[in-house]
Amino acid sequence: MSKPTLGLDIGGANLKAVHSSGQARAVPFALWKYPERLGTELKRLCDSVPAFDRLAVTMTGELCDCFETKREGVKAILRAVRTVAGTTAIWVWTTGGRFLTLEEANEKPLSAAAANWLALGYFVGRHFPTENVVLMDTGSTTTDIVYLRQGIPEPRGRTDRERLETGELVYTGVRRTPICSVLGMSVAAEFFATMHDAYVVAGLLPEEPDNCDTADGRPATRENARARLARMRCADGETFSVGQVRALAEQALAAQWNAVHRAAASVLRDRPAVQRVVLAGSGEILGRQVAARHPLLTEATLVSLADWLGLALSESACAHAVAVLAAQEEFYA
């Protein structure tokens with residue numbers, strides 16, 4: 001029997017933990033604002049799950065601008081993990097598709113930067129070893145598109161910089177992405193509204209009256225989302241009609257879906273036909289919309305990790321992946 005393991009995915013806006021027993025936790029944490037609090041937040045998160053003998057870690061938070069470089073960011077995150085773990089064994093996932101010890105990762109910090117997508121790719125590939133698969137994982141901020149041939153990830157890029165160029169990383173998600181980054185100079189270049197407002201107004205995501213993590217700090221209701229979107233046209237709820245707000249939301253959604261559609265086309269170029277599309281993350285609605293429209297994906301079987309594993313594990317899919325892979329000998333250097 002494998003050791004009880006906790007998978008950690010440490011991002012810039014969210015911390016995610018999945019225990020090998022299947023328990024998942026995700027908490028918002030603005031790492032770029034409070035890097036000195038990371039250890040405390042990780043301890044609180046680790047204390048909320050069952051005991052574990054092994055810690056499997058992946059991260060994307062090293063890109064936060066509170067760190068001068070990604071190298072510095074990785075090392076700072078690893079220091080925080082060490083203070084929380086104590087004597088527990090720590091394994092750090094890398095873009096080489098292997099775990100390193102914390103000490104080894106400290107020696108090669110850039111190999112540990114933004115490798116979580118690859119862990120999820122290997123996890124998915126193990127379940128579909130005879131098929132060509134496209135994995136689309138969308139969160140609050142980004143979308144990862146990973147092509148797997150016969151169960152093995154085949155990325156054209158490994159680093160975030162490379163993956164942005166190949167279309168395998170699209171810096172757009174369903175919550176935190178500003179509307180102005182999607183619609184450009186046709187709207188106010190201000191952080192007045194996010195894509196979550198567009199999804200709520202369009203009825204594609206539910207209202208969240210208790211959630212005030214929005215552009216203006218008001219609850220994530222349809223009425224407030226309309227007001228936020230109106231400001232993108234330098235208007236307000238009195239001068240911008242419900243119909244105009246709805247049209248703006250649909251314009252933003254179409255622009256976002258088209259951008260991910262183009263990225264998927266780049267990823268799929270010169271690849272063997274896809275038999276299966278796997279959707280993951282809190283924003284899988286985006287991947288679903290793209291898959292339904294892309295001519296190279298419409299005939300593929302669609303699998304939702306939320307349906308397969310449950311919503312909690314799907315939203316923390318990369319943490320779940322490193323927890324599972326940590327039990328497999330072939331993923332250790």
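Bear in mind these aren't lab numbers, they're just calculated from the coordinates by the rules spelled out. Note that this is a predicted model, so its numbers are computed, not measured. Here the Cβ positions follow ideal geometry from the backbone for every residue, glycine too, while neighbour counts run over all protein chains shown.
Would you confirm, using the coordinates I've provided, whether SER21 is on the phi < 0 side of the Ramachandran plot and touching a residue at least 40 places away in the same chain (Cβ under 8 Å)? When the stated conditions are applied, SER21 does not pass them.
Within the stretch 209-225, the set of residues being in contact with a strand residue (DSSP E or B) (Cβ under 7 Å, 6 or more places away or on another chain) and loosely packed, with under 15 Cβ neighbours inside 10 Å comprises just one member, ASN211.
Residues that are more than 17 Å from the chain's Cα centre (by Cα) and free of Cβ contacts under 8 Å to residues at least 60 places away in the same chain within the stretch 262-288 comprise ARG269, ASP270, listed in sequence order.
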